[in-house]
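Notes follow the structure.
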Amino acid sequence: LISRLPDPTPADVVDAVASGGLPPVVYYRDVESTNDVALALASSGVPEFTAVLADVQQTGRGRLGRSWFSPAGAGLYLSVIVRPEGLDARTPLITLAAGVAVALAIADASDLRVELKWPNDVVIGRPWRKLAGILCEASAVGTSDAVVVVGIGVNLLPAAYPAELADRATSIDRERGVWCDRPIARAGLVAGCIQQLREQVRRLRADETALVLDRWRELGRAGLDGAPVQWTDERGPCRGIAYGLGDDGALLVRHAGRQDRLVAGDVVWERLSRV
Ligand code: BT5
């Protein structure tokens with residue numbers, strides 16, 4: 001998969017990760033998917049939180065077989081290697097921890113009031129528009145070589161997504177608007193995402209899971225606490241009220257007089273998203 005050699009990592013990225021005491025970022029100008037490169041790199045024994053950054057992805061992936069638009073120079077395409085050693089049953093919470101990490105890193109770098117949409121989209125505004133998406137992929141689960149790659153896509157400029165997504169996608173630049181004369185520093189955001197991910201994973205390992213979940217609940221509160229939602233499960237299309245986030249990361253919903261736990265799939269927020 002790593003058929004070509006990496007390009008020299010841009011000096012500002014090298015400086016930003018070094019000053020954060022983070023492992024190196026391996027930079028490619030052009031890849032198929034940074035997640036593939038990171039999964040391959042992980043098996044060569046690189047330290048945890050080693051990351052892969054690209055300027056453009058030819059086949060950026062979303063969840064459930066969907067694609068992630070990844071044109072050159074407009075977005076951040078980053079994959080970070082997490083080794084789930086010591087996490088055991090908390091391993092699936094890496095995905096929520098990643099949402100918290102990316103939301104906090106974006107907020108810190110841009111001053112934008114971002115929110116989280118379950119399970120881990122970073123969104124902003126009313127109706128919600130997607131600013132960043134996260135795709136966690138695992139390999140060798142249950143062995144001592146287990147790895148979870150956290151793939152992070154952040155829209156920096158409006159050119160990161162096609163015009164037909166403009167009512168449901170947005171970029172940091174568009175949200176910051178005219179009062180801001182410079183684009184945010186990509187290197188600082190890269191280092192911020194990795195540093196925050198390291199911190200949230202440290203909390204999971206240190207049995208401080210409640211801190212991660214509470215942070216998620218704070219950032220996601222608009223979509224919890226009584227928000228009407230729609231989803232589809234084996235019974236067909238369903239409607240209910242989202243009332244919380246379970247300690248296992250499930251979305252808790254009330255539906256037809258009973259309580260359900262949604263663990264995967266897509267949910268539409270009737271008042272917050274475009275239905
Ligand atoms: C995600 O999927 O949100 C996860 C995206 C993860 C991308 C990163 S980039 C680095 C790493 N390498 C990869 O190959 N992937 C990761 P999902 O929730 O399935 O959202 C995908 C849907 O969002 C698509 O079907 C589109 O409707 C929409 N979409 C695609 N590209 C977008 C973009 N750039 N901005 C906003 N929405 C987009």
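Selection of region 29-47 for residues being of a type in the set (Ser, Thr, Tyr) and either out of contact with any strand residue (DSSP E or B) (no Cβ under 9 Å at 6 or more places or on another chain) or open to solvent by 10 Å² or more (accessible area, probe 1.4 Å) (or both) yields Ser43, Ser44. Within region 137-157, the set of residues being outside any loop (DSSP other than H, G, I, E, B), within 11 Å of the ligand (Cβ to nearest atom) and either aliphatic (A, V, I, L, M) or over 27 Å from Glu270 (Cβ atoms) (or both) comprises Glu137, Val149, Val150, Gly151, Ile152, Val154. Check Leu156 against each of (1) more than 15 Å from Ser110 (Cβ to Cβ); (2) open to solvent by less than 60 Å² (accessible area, probe 1.4 Å) and name the one condition it does not meet. So Leu156 meets the others, but not (1). On the stretch given as region 1-40, residues that are in a helix (DSSP H, G or I), touching a Gly at 6+ places or on another chain (Cβ under 7 Å) and within 16 Å of the ligand (Cβ to nearest atom) total 2.
For region 29-53, which residues satisfy the criterion of being hydroxyl-bearing (Ser, Thr, Tyr) and free of Cβ contacts under 8 Å to residues at least 60 places away in the same chain? Walk me through how you get there before you give the answer.
Taking region 29-53 and keeping what is hydroxyl-bearing (Ser, Thr, Tyr), we get 33-34, 43-44, 50.
The answer is Ser44, Thr50.
Put simply, of Arg182, Arg205, Arg174 the only residue that is in contact (Cβ under 8 Å) with a residue 40 or more places away in the chain, over 17 Å from the mean Cα position of the chain (by Cα) and open to solvent by 80 Å² or more (accessible area, probe 1.4 Å) is Arg205. Only one entry in Asp225, Asp247 is more than 30 Å from Leu22 (Cβ to Cβ) and open to solvent by 30 Å² or more (accessible area, probe 1.4 Å), namely Asp225.
The values are calculated or read from the model by the stated rules, or taken from the named source; none is laboratory data. Since the structure is predicted, the reported quantities are computational estimates derived from the model, not experimental observations. Virtual Cβ from ideal backbone geometry, glycine too; neighbours counted across all protein chains shown. What goes into the accessible areas is simple: the full protein's heavy atoms, side chains included, and nothing from ligands, DNA or RNA. Shrake-Rupley method; radii C 1.70, N 1.55, O 1.52, S 1.80 Å.
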